[in-house]
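Have a look at the structure below before the remarks.
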Amino acid sequence: MAQEIGQRKLNEAVNAASDQLSKAVKNNEPIHVISHLDADGLAAAGIIGSALWRLDANLHMRVQQWMDEKIVEEIQTINPSLTVFTDMGAGYLDVLCTHLPKHRIIVLDHHQKKGEAGENILNVNPHEHGFDGSKEISGAGVAYLVARALDAGNKDLAGLAVVGALGDQQDKFEKRSLGGLNMGIVKDAETSGVLEASIDLQFFGRETRPIHKALAYTTSPFIPEISGEEDKSLGLLLNLDIKPKIGDKWRALRDLSPEEKRTLCSALSDHLVAKGIPEHVLTLIGRVYTLVNEEPWTPLRDAREFSVLLNSTGRMGRPSIGVAIAFGDRGSAIDEASAILKNYRRTITLNMNWLMEKPDRITEMRSIYLVQGEGFVDEKMIGTLASILSTTLPNLNKPIIAYATLSGEASVKVSARTLATMTQKGLNLGKIMGLAAEKFGGEGGGHDIAAGAQIPIESVDDFVELVDEIIYKKVKAISAKG
Ligand code: C5P
Ligand code: C5P
Ligand code: ZN
């Protein structure tokens with residue numbers, strides 16, 4: 001019953017957003033869309049952008065890593081009739097209300113909110129209606145609901161919403177499936193003929209790459225000595241007597257027989273157990289989402305790979321390429337994005353190696369692991385590294401707090417990650433980041449499981465101490481409750 005009411009209320013908010021957008025389009029008012037720079041944000045930009053573009057809207061789009069005064073000032077200066085935030089904004093309702101009280105704003109987001117939406121803001125957020133925005137629907141998903149309300153013909157955009165949800169690692173249901181509100185979106189994508197979901201080995205490039213490359217390219221799960229290591233991956237195949245090539249043609253994962261797949265799967269399971277991360281064995285096999293209208297041999301056909309491609313463009317500072325692809329550009333943007341993706345993978349391997357080189361780059365504190373990117377790790381990459389580490393550090397029983405210095409600025413970017421085992425007990429990193437950042441004149445927020453903050457550089461040690469202290473107390477309280 002509560003769920004039905006929640007669904008109805010969410011629909012009402014979605015319809016209200018769609019009505020406002022329709023009116024703005026009819027009056028040819030300029031609409032500014034501002035979206036987050038990661039895969040989900042870029043997918044959201046593609047969805048709402050395409051839906052509005054199909055209506056011939058007067059549209060401006062941009063991508064941001066976070067909200068700050070600069071964005072507020074820009075909105076004040078440009079003074080658009082309507083600003084739409086996608087995959088961001090919920091954490092800044094108070095800022096938007098205080099500084100832009102006269103501007104019309106729609107927030108299509110799935111982050112936990114901070115502050116209250118005033119009269120000027122239409123806040124469409126699953127958390128407001130009893131849904132868990134960190135697991136059940138992404139920013140792209142919320143944007144999709146509005147796109148569908150604008151025109152049922154936009155159901156073909158559901159595939160992009162699946163890409164966004166996978167980018168935000170919402171495949172936390174049985175066998176790495178999407179669940180909750182995302183299930184309806186998957187169904188729309190299937191019925192509109194853009195998506196097929198099946199169960200198979202999970203490797204990256206399963207449709208597109210030689211098997212050893214697919215193994216090496218997989219970072220979720222990060223398999224020690226396999227991820228990022230093509231030579232060792234090839235060695236593994238040869239040891240298992242799995243032919244990587246027939247004649248001079250490389251085989252892809254989908255070319256393997258069921259028997260070969262079983263052999264590979266069991267060898268990798270043994271390897272993960274030997275490396276002390278047996279819990280990752282279960283993630284080797286799971287739900288695979290294939291975008292059937294995308295060309296085979298492109299990184300767009302497998303929805304997880306698509307999400308990493310989008311993420312790489314944002315994290316490597318080239319979000320406009322990601323937006324172009326999310327908008328449907330299948331020309332030279334694909335080649336450019338593929339080059340960016342390569343560079344992104346190289347950067348991940350370099351950064352991971354750098355982090356592991358010296359013990360003080362990852363230190364264990366009382367209740368957190370602290371990862372210091374110093375000047376080496378780019379601030380846009382620190383979130384990606386924190387995500388990878390959170391699924392690879394053995395026996396991770398403490399959240400990861402990672403930071404990188406912002407080039408040319410006196411502040412640091414913090415990324416925080418934990419596991420579902422901690423959030424299920426009530427640990428909420430988004431709240432903790434918000435609270436601690438505020439104490440030092442910074443900004444923070446996000447999801448319970450993945451969150452971030454920006455804080456002044458001189459406060460970083462005190463900030464880390466405070467976060468360690470808050471988490472210590474919270475975990476103690478959780479244990480006392482049993
Ligand atoms: O802003 P947004 O919600 O799109 O970003 C969430 C971020 O947190 C993504 O970069 C996603 O990969 C990351 N994440 C994570 N671990 C989770 C859930 C999300 O690292 N369990
Ligand atoms: O930047 P990073 O990938 O670590 O962000 C993790 C999550 O925290 C994302 O969902 C991001 O939108 C959110 N975040 C936030 N407020 C900040 C920084 C990050 O809500 N100040
Ligand atoms: Zn998101």
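The values are calculated or read from the model by the stated rules, or taken from the named source; none is laboratory data. As the structure is a prediction and not an experimental result, all values here were calculated from the model. Cβ placement follows ideal geometry from the backbone for every residue including glycine, while neighbour counts extend to all protein chains displayed.
General observations
- Some residue of region 48-61 being assigned to a helix (DSSP H, G or I) and within 16 Å of ligand 1 (Cβ to nearest atom): yes
- Contacts under 7 angstrom Cβ, first residue in region 320-337 being without any contact (Cβ under 8 Å) to a residue 40 or more places away in the chain and surrounded by fewer than 21 Cβ atoms within 10 Å (Cβ to Cβ), partner assigned to a loop (DSSP other than H, G, I, E, B) and not basic (K, R), 6 or more apart: I334/T298
- Unmet criterion (only one of (1) under 27 Å from K26 (Cβ atoms); (2) without any contact (Cβ under 8 Å) to a residue 24 or more places away in the chain; (3) not in a helix (DSSP H, G or I)) for V84: (2)
- Flag for M88 being modelled with pLDDT under 95, under 27 Å from K431 (Cα atoms) and within 16 Å of ligand 3 (Cβ to nearest atom): no
- K380 vs. criteria within 16 Å of ligand 3 (Cβ to nearest atom), in contact with a helix residue (DSSP H, G or I) (Cβ under 8 Å, 6 or more places away or on another chain) and either part of a loop (DSSP other than H, G, I, E, B) or at pLDDT below 95 (or both): yes
- Taken over region 100-159, residues that are polar (S, T, N, Q) and not in a loop (DSSP other than H, G, I, E, B) amount to 2.
- Within region 414-429, the residues that satisfy the criterion of being surrounded by fewer than 24 Cβ atoms within 10 Å (Cβ to Cβ) and not basic (K, R) are L419, A420, T421, M422, T423, Q424, G426, L427, N428.
- Check on A404, in a strand (DSSP E or B), in contact with a Lys or Arg (Cβ under 8 Å, 6 or more places away or on another chain) and within 24 Å of D168 (Cβ to Cβ): yes
- Residues of region 33-54 that are within 12 Å of ligand 3 (Cβ to nearest atom), over 10 Å from A140 (Cα atoms) and among the charged types (D, E, K, R): D38 alone.
- Elements of type helices (runs of 4 or more DSSP H) contained in region 287-357, each with 2 or more residues being of a type outside the set (D, E) and under 14 Å from A43 (Cβ atoms): 303-315, 319-326
- W66 being assigned to a loop (DSSP other than H, G, I, E, B) and not assigned by TED's automatic domain parsing to the domain that holds T313: yes
- For region 114-133, the candidate set comprises residues that are at pLDDT below 95 and touching a helix residue (DSSP H, G or I) at 6+ places or on another chain (Cβ under 8 Å); within that set, the residue that is nearest to ligand 3 (Cβ to nearest atom) is K114.
- Checking each residue of region 254-261 against the condition of being touching a residue at least 12 places away in the same chain (Cβ under 8 Å), closer than 29 Å to L42 by Cβ and either buried (at least 21 other Cβ atoms within 10 Å of the Cβ) or over 22 Å from the mean Cα position of the chain (by Cα) (or both) gives at least one match.
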